[in-house]
Amino acid sequence: MEILRVENLVKEYGDGDTKIMALDGVSFSVEKGEFVSVIGPSGSGKSTLLHILGGVDKPTSGKVIIDGTDICELGEDKLAVFRRRQIGLVYQFYNLMPVLNVDENIALPHLLDGRKLDKERLDNIVSHLGLEDRRENLPSQLSGGQQQRVSIGRALYSRPAILLADEPTGNLDRKTGEEITALLKESNRMQKQTLILITHDERLAMQADRVFYLEDGKLIKNETVRTRR
Amino acid sequence: MMNNIVFRVTRKYMSLNRRRTAIAFMGIVLMVVMMTCVFVGKQTVMAYLDKVASLDKGSWHLIAYDLTPEEAKSIMQMEDVKKTGISEQLYNMEFQATGDPDERPFIDVKAYSAECFEMNNITLAEGRFPENSRELIISKTAIEDGSSIKIGDRITGDFFKRSITNINDKGTLEFPFMGIEVEHGKTAEVPVNFMSYIENDDYVENHTPTGVKGDFTVVGIMERPTFEKISGASISALCGLEEATGDNVNLMIYLDTEKAVGAYDLESRINSMTGRDNRFETNEMLLAFSAMSGDSNINTIVIFVEIFFTVFIMAASVILIYNVFNMSFAERTKYLGMLSSVGATRRQKRQSIYFESFALLLPALPSGILLGMGLVYGASQVLKPRFDTMLSIIKSSLPKDIPLTLSFGVSEILVIIVMCVVTVLVSALIPAIKIGRIAPVESAKGAAETVSKKHYRTSVKALEKGRPELLLAVNSTSRSGHLTKSIIRSIAVFTTLIMVTLYGAQSLIKIVETKTEEDGWMPDFDDYEYVIVDEHAKNSYSNVKEILEKDENVGEIKEIVTTSFDVTVPINKLTDEVFDARKAVYMQFDGNTEEDWEKNREIFMDSMFVNTIEVDDEEFALLASKGNADMDIAEDTSKPAVLLYNESAFSTDFYISGDNCSGYKYILVDNVFNVKKGDEFILNGMNSVKGEVEMKLATAGFVDADSVKGRFRIVPNGFYIFINRAAGELIYDSVDSIPYSCMFFNDDNEESVKRLSQEFSRDNESAMNSAVMARVSELNAAKSIKQVISEIVKILAYCFTAMISLVCLLNLYNSIRGRAAERTKETASLRSIGMTDKQFTKMHNIENIILLSKGLLISAVLCTVLCLILRYVMVRFFGNVRMTSPLLPALGISAAAAVISSVMTGYCSRRSKVDIISEIRRETV
C-alpha cells in the first residue's frame, strides 16, 4: 500500500543568476512499512527533500501526497496538525525542548494534538528506549545518544504515518550511532513504521529496503537493496 | 588597546550582536542624557531664576548696613564672599524741582561704587552713570511726577535724617510693615522712603541735619530702581562714591555659591566680627534659587530633588546595563571559554565586560551630553512661557523677555562623567565577577549555567489533562534560567522603578505643595469673575458696596466676610489629637521637655485662634448639605450656626516654640473639634468695653477638604470655621473685630470693569479707598517663590518619571526580545512537531501571566520596602506630610506592565517566527 507519493518535486532558491535548483523534478513513491534511505553528497538536496516531506518547507512546484493528502495544498495550521499526526521527525541535533523532561518531550506532539496522555504507551516507549532512569531529566542532563533516543521516542509516540530521520547519527559516536540505527530499524520492522532516513553514510543507507541517490537535486538512482541486515 | 586579544574578540562579538549592543548603547546614552538633564537642567533653571531674581532686587545675596570702612574691608576679605559693592547712605535732601511737592518732596541720595550700579541692576533711561561723588542720576519717577529736571541741572541742599514724633494721645503709633512703633510723645527715626508728610493728628515729622552738604550735577535719568517705594516721600538718586568715610557704609555682597553655607551664616559671622547686631537685608529670591535661602524648606527641596533624581537614574541605568550583560551571559561564556581554553585568565575575562561597557560609554558620553543639552534647551523653551507667567504673578514688574539659555560649567560636566562612569562600573561589576568565576572547564564547554543533577518532576496534571500550552509555559518559566529570570527581573524593575519613582515624585509634589502653599483659605468659585476685598474698619467699605450695588452692569454680589485673630476656641472643644500634634511640634524644638509642655500646655493651647469664614445662608446650607450636616440647624437663618472645618495642620514652620528646631515636623489632624452635631459651640473674644466675651453657636456639622471642594480651598495651618450671617452678626457685635469682606461679582461691561479696576486699583492709595479689585482667577493663581519652585518640581518630576519609564521600557523590551531571540530554535522545533499559531499564542499568554505574576509579586515586595524607605527618608527630610497612596498608581502600572509585556511578547514572537529549517539545523540552543 502506497503511503507516500512524490510527483515532479521542484524546489528553487533565489532568482536570476543566484538561482539554485535544490530539487529538480524528483518523483518517487514509498510503500507503507518500507524503509527508504536517501543518500547523496552535500548539497544534493537530501535535507530539502526531507523538509518538504516533513511539511516544514514548501516546494516550488510538484506534489507530495502522504496517505492520500497532498500536503502542499494545506494551509499553515492544517499542515501543522498534519505534521503532528502523520509525521515523525528525527533531527541530527535532536531539537528537544530544553525545558521539558524526557517524559514530557516524548508526549508533547501527542498533547499538541489535543489528546490525553497514553501512560502505558509512554512507559513502553521509555522502557524500550532504555530511558527509565532518565525520565525526569532535562535534555541538558542527557548525553547525545540519550537525547537522540528521546527524539525518536517523540517521533514514534503518536504513531505517525512516516518517520523522517535527518542524519540521526551524524552527531553521535559510532557505537551510539549504531544503537540509534538499531532502534529505528526495530521500529520499522516491528511496528511496520515507514521510515525515510537521510544520511551520507553509505553503510547505514544500505541497511534500508531501498536507497534513493540524489545528486544536484535529481533522483539519479532508486535502488532496491536485496539483503536487509 | 586593540592589540589585546580579549578586547578584539569582545569587539567582534559586539559587532556581531548589533541589536544587543545597540540596546546597551541606547541605555547608556539614556543614562547620560538623564544625568545631563538633571545637572545641566538644574543649573539652567537655577541660572534663569537667578537672573530673574537679580533683575528683581539685584545680583546680591546680602546687604550689611551701617558698617565702618574697616569692617567693610574685612568682610570683603572673607573666603565665601565673591563680589562686593560699597554704598553709603547720604539720607534725604529737599527736592526743589519736584513735580509732586505733597507726595514726594524729597530725594533720597545714596553714594554708589561702580560695582553697586551693576549689582543693583540700575538701568539708565538716558545719560550716563556718575563717575564721581559730584555727579548724580535721578529716578525717572521725578519726570513722571512732572518735574522739569534734566541732564546738566544742579541739585544742591543739606542732607537730613527723618524722624516722627507721636502727638496722638490715644496710645502707641504703629507702622507694622516698617517695624516702627512710637509711644505718645516719643520720637523715632524713620527710613528715607517713609511716606509723605501730610498734616495729621497722629504725628509730626522732624528733619535732623547730618552736616553734609550736597552739590550734584545730574548726568543721567535712571529707570525706577526696585528699592524705590512708590508710596515713599523720596525720589531715589544715586551719586558716585570715591571712598567711603562715614560709619554708615553699606556693603552689597554676592556670595561664592560653591563655598558659602548661606547668608545667615555670614550674618552671624559679621555680627561676631563687629561685636554688635548689624542690620542686614537678604535677597531671598536669589538665595532661594542658590539653595542658600533662610527658608530651609526651599533649600531642602532643591537639594533633595537633585539627590532623588540622581539616585533613581543610577538605579534604573544599573539595572538596564546589568540586564544587557546578564542576558548575553551564555554567549559570552562560550567565547570567553574559547579564550580561557587558550590561556585567558579570570582577570582577562572580567576585562572583557569592562571593555564592552567603556567602549559603549565612550561614544555615549559626548552624544548623551549633547542630546541631554538639546533636550534641556528644548524643554526650557517649551516651559519658558510657563515660567514667565509664574514669575510675573510673583512680581508684575519683572521683564517678560528674560532669556532662558543653557547654563553649565566644567564642574557639571565632570559630575555627569563621574556619575556615568560609576554607574557603568557598578552595572558591569556583577556580570564581570560572574564571568570570572566560571570554572575553566565550564567556560571551555560554553556552559552558561552549571548543569544541575536535580530531577524535574513530570507535570502529570498537564500531561493527563492534555494541556501542552500549559505544560510548555509552566516549564519554560520555571526551568529555564537566566532568560526567564531576566524577564521577571525586568517586569519587577519596570513596575518597581516606575512605581517608586511615581510615588516619590507624587510625594515630593505633595510635600512641596503642602510646604509651599500659603496657609489660609481661597474661594474656588468658578461662577464669579471679579472680587473686591475691603476692610470693614475703613470708611470705604459701605461706599464700595454702594458703588457695586448701584452699578447696573454688576450682577448679584456674593459677600464672604472673614476674620483671623478675633476669636478663640476653648481648649475643651479640641480633641486629644490636636494636643498630641501640638505637643509633638513643641517637643521638636531644642531644650523643650515633657515637664515644660505639661506646665505650658494650657497657655499654648489657649492662644488658639479660629479663622471665621462667614458665608451667606444659601452657601452655608450648600456646604452643610455637602458635609452631611444637620440641615435643620443649617437652614435656620435666625440662629447663629457653625460648620467646623475638621482638618488642621501643625508644623514646626507655623508653631514656633524655641530658637532651634531639630528637624521638621508636620502633622495633619483630621479630627479637630471635640463636639457633636447639634452641640453648643463656644467662641471667646475680647471687647474693649465688656472685656472677655463668650459667644454661643449651634454646631450644624463638620466639613473637610472634600466637602468644601469646588467652593473653597483651605490650607489649614490653624482652625477654620464656616459661620452663617447670624453668627457673623453675633461675633462682630460682641468682639472688637475688623473683618474683611470679599465681594464677588460678575460684570460683562468692559467700560464698567475698567472704571471699577481703576477705582479699586492697588496703586490707588487714597485714604478713602482701601478696596482692591482682582479677577478671581488671578487671586487663585497668586503664587509665591516657593510655589514657583513647587511648579517647577512638579514639571521636572513628571518629565523625570517619563524618562525613567522609557529606560524601564527599553529594559523590558530588551529582555523579552532577548528571550524570544534565544528561543527561536525552540520555536522552530515546536513548529516542526506541529504546534499551531493558536497554540503558540495560548502558550505565550500563559507564560505572560506566569512571568507577570512572578514579576509583580517581587515588585510588590520591593515596592513596599522601597516606598517605606522613601517615605521614611522623606519624613526625616520634610516631616510627616500626608502623602498620596501608591495603591492606585500601582494598579495602573501593573496593568500597563501586563499590556506592554503582552504586546512586546507578541511583537517579538512574530519577529522570531523564523525559518524553521535553518533553526532546526542549528547546533545549539
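The values are calculated or read from the model by the stated rules, or taken from the named source; none is laboratory data. All values derive from a computational prediction rather than experimental measurement. Glycine also receives a Cβ, built like all others from the backbone with ideal geometry; neighbour counts cover every protein chain displayed.
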Query raised in the report: Under the condition of being surrounded by fewer than 19 Cβ atoms within 10 Å (Cβ to Cβ) and farther than 19 Å from B:Ser380 by Cβ, which residue from the stretch B:775-804 is modelled with the highest pLDDT?
Result: B:Arg775
**Report entry** Any chance A:Leu164 is within 14 Å of chain B (Cβ to nearest Cβ), buried (at least 24 other Cβ atoms within 10 Å of the Cβ) and at pLDDT below 85
**Finding:** no
Report summary line: B:Ser15 fails exactly one of (1) surrounded by fewer than 18 Cβ atoms within 10 Å (Cβ to Cβ); (2) within 42 Å of the chain's Cα centre (by Cα); (3) not in a loop (DSSP other than H, G, I, E, B), namely (2)
Report summary line: Taking the stretch B:575-592 and keeping only residues that are at pLDDT below 85 and outside any helix (DSSP H, G or I), one is left with B:Gln588, B:Phe589, B:Asp590, B:Gly591, B:Asn592
Query raised in the report: Can you tell me which residues in the stretch A:5-42 are in contact (Cβ under 8 Å) with a residue 60 or more places away in the chain and within 14 Å of chain B (Cβ to nearest Cβ)?
Result: A:Lys11, A:Ala22, A:Leu23, A:Ser42
Query raised in the report: Since A:Ser143 meets every condition but one in (1) crowded, with 18+ Cβ neighbours inside 10 Å; (2) more than 20 Å from B:Leu472 (Cβ to Cβ); (3) of a type in the set (Gly, Ala, Ser), which condition does it not meet?
Result: (1)
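For the stretch B:120-162, name all the residues that are among the polar types (S, T, N, Q) and within 42 Å of the chain's Cα centre (by Cα).
Matches in the stretch B:120-162: B:Asn120, B:Asn121, B:Thr123, B:Ser139, B:Thr141.
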Query raised in the report: How many residues are closer than 25 Å to A:Asp173 by Cα and more than 9 Å from every other protein chain (Cβ to nearest Cβ) when one looks only at the stretch A:54-93?
Result: 1
Query - Residue in the stretch B:478-509 that is modelled with the lowest pLDDT, counting only those that are away from chain A (no Cβ under 14 Å) and out of contact with any Ser or Thr (no Cβ under 9 Å at 6 or more places or on another chain) - result: B:Leu508
Query - So A:Ala107, is it modelled with pLDDT of 85 or more and facing chain B (nearest Cβ under 8 Å) - result: yes
Query raised in the report: If you check B:Thr905 against the conditions, is it touching a helix residue (DSSP H, G or I) at 6+ places or on another chain (Cβ under 9 Å), surrounded by fewer than 17 Cβ atoms within 10 Å (Cβ to Cβ) and hydroxyl-bearing (Ser, Thr, Tyr)?
Result: no
Report task. Only one of these is away from every other protein chain (no Cβ under 11 Å), at pLDDT 80 or above and under 24 Å from the mean Cα position of the chain (by Cα): B:Arg876, B:Arg882, B:Arg871. Name it. Result -> B:Arg871
Report task. Quick one: count up the residues across the stretch A:166-193 that are of a type outside the set (Asp, Glu), touching a Phe, Trp or Tyr at 6+ places or on another chain (Cβ under 8 Å) and not in a helix (DSSP H, G or I). Result -> 2
Query - For A:Leu74: the one exception among (1) in contact (Cβ under 8 Å) with a residue 12 or more places away in the chain; (2) surrounded by 18 or more Cβ atoms within 10 Å (Cβ to Cβ) - result: (2)
Query - From A:Leu122, A:Leu100, residue being within 7 Å of chain B (Cβ to nearest Cβ) and either surrounded by fewer than 24 Cβ atoms within 10 Å (Cβ to Cβ) or not charged (D, E, K, R) (or both) - result: A:Leu100
Query - Of all residues in the stretch A:202-222 being part of a strand (DSSP E or B) and basic (Lys, Arg), the one that is nearest to A:Ser187 (Cα to Cα) - result: A:Arg210
Report summary line: Exception for B:Arg817 within (1) at pLDDT below 75; (2) assigned to a helix (DSSP H, G or I); (3) surrounded by fewer than 22 Cβ atoms within 10 Å (Cβ to Cβ) falls at (1)
Query raised in the report: Does B:Lys838 count as in a helix (DSSP H, G or I), facing another protein chain (nearest Cβ under 9 Å) and either within 50 Å of the chain's Cα centre (by Cα) or of a type outside the set (S, T, N, Q) (or both)?
Result: yes
Requested in this report: Could you tell me which numbered condition B:Ile230 fails, if it satisfies all but one of (1) modelled with pLDDT under 75; (2) surrounded by 14 or more Cβ atoms within 10 Å (Cβ to Cβ); (3) hydrophobic (A, V, I, L, M, F, W, C)?
Outcome: (2)
Query raised in the report: Any idea which of (1) in a loop (DSSP other than H, G, I, E, B); (2) more than 24 Å from B:Arg467 (Cα to Cα) is the one A:Arg159 doesn't satisfy?
Result: (2)
Report summary line: Residue pairs qualifying under the 8 Å Cβ cut-off, at least six apart or on distinct chains, with the first in the stretch A:136-149 being within 11 Å of chain B (Cβ to nearest Cβ) and the second being surrounded by fewer than 20 Cβ atoms within 10 Å (Cβ to Cβ) and small (Gly, Ala, Ser), are A:Gln141/B:Ser452
Report summary line: Picking from B:Ala621, B:Ala726, B:Ala698, the residue that is over 19 Å from B:Thr568 (Cα atoms), surrounded by 18 or more Cβ atoms within 10 Å (Cβ to Cβ) and not polar (S, T, N, Q) would be B:Ala621
